[in-house]
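The values are calculated or read from the model by the stated rules, or taken from the named source; none is laboratory data. Since this is a predicted model, take the numbers as computed values, not measurements. Heads up, the Cβs are rebuilt from the backbone with ideal geometry, glycines too, and the neighbour counts pull from every protein chain shown.
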Amino acid sequence: MIGEEKKAIAIDGPSGAGKSTLARALAKELGFRYVDTGAIYRTVGYYAYRKGTDPGDAAAVTALLPEIRLEIRYDGEGLQHMLLNGADVTREIRLPEISMYASRVSAIPAVRDFLMETQRQLARRHSVIMDGRDIGTVVLPDADVKIFLSASPEDRAMRRFLELQQRGTPQDYGQLLSEIKERDYNDSHRAAAPLRPAEGAIVLDTTGNTFAQSFQLLIKTIKENL
Ligand code: DC
């Protein structure tokens, strides 16, 4: 509606803290649009993967950017779909090998600049709950509520383990744990927009919580602060 004030909730935190599942449910409860910014980085990572480009080679990845046309669509269920040069790649970007590609390309400043306006535009057009690594610090520093969601690496690896098992694509727990630690390190030690709690962020730890417990904690925190 014209003139209607848009609200923004930023949820940042490391991989596997439950950000996306929680943010999706919170968006439904609040009537906001859920924006998964990790999916946007994954789409760029996926393109580098498909092109056989080394995701750590900043110049080579930067050279790919003009070839990339990204679109974000929402289906009737409010689920976010990623389109890469017209093709729906929503499923492909979830392949385990794409996680590391996304983490590597997201450390490249040119990639972050390339995706900035897409993210901000979504927040101008809709009330959003946006999850990522730098939403409260860089993308939406004026967000109405900023949350930094974390949990122990072991807890996050176990959630991922159970999720993959349920999906019928099991993976070794030890390997998942070391990948989570490696991605944590990459995401929080890069020079460009490293993962850290934003100023004014409410830091919540979900270690040992069930989904319902974390959901209640978040909805209460958001309603108190909106
Ligand atoms: O949330 P995810 O695991 O789908 O994100 C994939 C990678 O993208 C993650 O390793 C870090 C990066 N990312 C980022 O740098 N900034 C964001 N706002 C979201 C994700």
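Numbers below:
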item: Qualifying residue in the stretch 141-162 (condition: at positive phi and more than 19 Å from the chain's Cα centre (by Cα)); result: no
item: Answer residue from the stretch 130-162, given it is within 13 Å of the ligand (Cβ to nearest atom), β-branched (Val, Ile, Thr) and in contact with a helix residue (DSSP H, G or I) (Cβ under 7 Å, 6 or more places away or on another chain) and is nearest to residue 32 (Cα to Cα) among those; result: 135
item: Filter result for residue 118 (more than 8 Å from the ligand (Cβ to nearest atom), more than 19 Å from residue 188 (Cβ to Cβ), of a type in the set (Val, Ile, Thr) and out of contact with any Phe, Trp or Tyr (no Cβ under 7 Å at 6 or more places or on another chain)); result: yes
item: Where residue 142 falls short, out of the listed (1) modelled with pLDDT of 95 or more; (2) surrounded by 12 or more Cβ atoms within 10 Å (Cβ to Cβ); (3) acidic (Asp, Glu); result: (2)
item: Residue check, residue 141 within 21 Å of residue 100 (Cβ to Cβ) and out of contact with any strand residue (DSSP E or B) (no Cβ under 7 Å at 6 or more places or on another chain); result: no
item: Filter pass, residue 177 being touching a strand residue (DSSP E or B) at 6+ places or on another chain (Cβ under 6 Å), surrounded by 13 or more Cβ atoms within 10 Å (Cβ to Cβ) and modelled with pLDDT of 95 or more; result: no
item: One residue from 123, 107, 192 being in contact (Cβ under 8 Å) with a residue 60 or more places away in the chain, among the small types (Gly, Ala, Ser) and more than 10 Å from the ligand (Cβ to nearest atom); result: 123
item: Count of the stretch 16-58 residues which are assigned to a helix (DSSP H, G or I), among the charged types (D, E, K, R), within 13 Å of the ligand (Cβ to nearest atom) and more than 10 Å from residue 105 (Cβ to Cβ); result: 2
item: Conditions (1) within 10 Å of the ligand (Cβ to nearest atom); (2) closer than 11 Å to residue 40 by Cα; number of the one not met by residue 101; result: (2)
